[in-house]
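Every read-out reported here was derived from the displayed coordinates using simple, explicitly stated rules and does not represent laboratory data. In this text the structure is predicted, and so the values were computed from the model without any measurement. Cβ atoms come from the backbone with ideal geometry, glycine included; neighbour counts cover every protein chain shown.
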Amino acid sequence: MNNKEKSKKYFNKTSKYYYSQGDGVFAEPTYEEVIPRVINENPKVMLDLGCGTGDMIKKILNHDPDIQVYGLDISPKMVKKASTKFPEGCVKVGDSEHIPWDDESFDLVVCNSAFHHFPNPTNVLNEINRVLKKEGKLIMGEPTAPGLIRRVINVICRFGPHGDYRIYNKREIKFLLKRTNFELENFKLIDEKHYAFTAIKL
């Protein structure tokens, strides 16, 4: 079973309790950093890539209900739950390497605690760049770990059932962004296990 199928199976299974235990609880520090960044950018139309059950979008819309929001997730059961929090028809089941919206559709793309599941990160970043408007922003929150621990995790995670592929440090993220025509604007190490950043489309 490849990473995408593992992710779909795992998140279908955990969709009932994602934000109350396990992965959702672990990712909480990134929400606290990512959501204010989104609000400060004041986007008119945005995409939540790897939207899960839509809890983060719900919090964003509580701050600014006028944002036109869309969501994409690989898990049908996650999307079914998210559909109650997104406007009707604005959340879809899909693959992050083939985002089902037109070029230059969004002011902002947010991707929180999903990027480490993507087996082809360059393809995903190229797709994000494609659907962003000129000088659009990408905001991302992700798990990480110090040096040797991160390398060990990256060996182990591919054999696990969660669909994890790789966690990155700042240097690796900066390299991937440069390859896909983004410029890193604001990288913040939240704690030893989480970071967030903003990047602009060049």
All aspartates and glutamates inside 15 Å of Lys8 as judged from Cα atoms, apart from same-chain residues fewer than 8 positions distant: Asp23, Asp73, Asp95, Glu97, Asp164
When the distances between all Cα atoms of region 27-90 are binned every 10 Å from zero, what whole-number percent does each bin get? 22, 58, 20, 0
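Between Glu88 and Ile156, 0.36 nm times their residue separation minus their Cα-Cα distance comes to what?
Working: separation 68, 0.36 × 68 = 24.48 nm, distance 3.93 nm.
Taking Glu88 through Ile156 to full extension adds about 20.6 nm, to one decimal.
Could you size up the charge dipole of region 113-202 around its Cα centre, putting +1 on the beta carbon of Lys and Arg and -1 on that of Asp and Glu, and report it in debye to the nearest 20?
Numbers: 16 positive and 9 negative charges, 52 e Å.
So the magnitude is around 240 debye.
For the chain, which span is the longest to avoid every loop-located (per DSSP) member of GluC sites (Glu not before Pro) having at most 12 other Cβ atoms inside 10 Å?
Numbers: sites that count: Glu88, Glu192.
Answer from the scan: 89-191.
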Along its principal axes, what span do the Cα atoms of the chain show, with the longest given first and each in whole Å? 43, 37, 29
Taking r as the C-beta separation of Glu41 and Leu189 and R0 as 22 Å, the FRET efficiency to the nearest 0.05 is 0.60
So what's the back-of-envelope 222 nm ellipticity for the chain, counting only DSSP H runs of four-plus at -39500 (n - 2.57) apiece and dividing by all residues, rounded to 500? -11000 deg cm²/dmol
Given the pairs Lys85/Lys193; Lys44/Lys92; Lys92/Lys133; Lys13/Lys92; Lys44/Lys201, which are separated by over 22 angstrom at their Cα positions? Lys85/Lys193
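Round to the nearest 0.05 the FRET efficiency obtained for Phe175 and Lys13 when R0 = 30 Å and r is the Cβ-Cβ distance. Can you show the working numbers first?
Values: r = 33 Å, r/R0 = 1.12.
The calculated FRET efficiency here is 0.35.
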Provide the FRET efficiency to the nearest 0.05 for the Leu61-His98 pair, computing r from the beta carbons and using R0 = 22 Å. 0.25
Anchor Lys134: aspartates and glutamates whose Cα lies under 14 Å away (excluding residues fewer than 8 positions away in-chain): Asp102, Asp103, Glu104, Asp107, Glu183
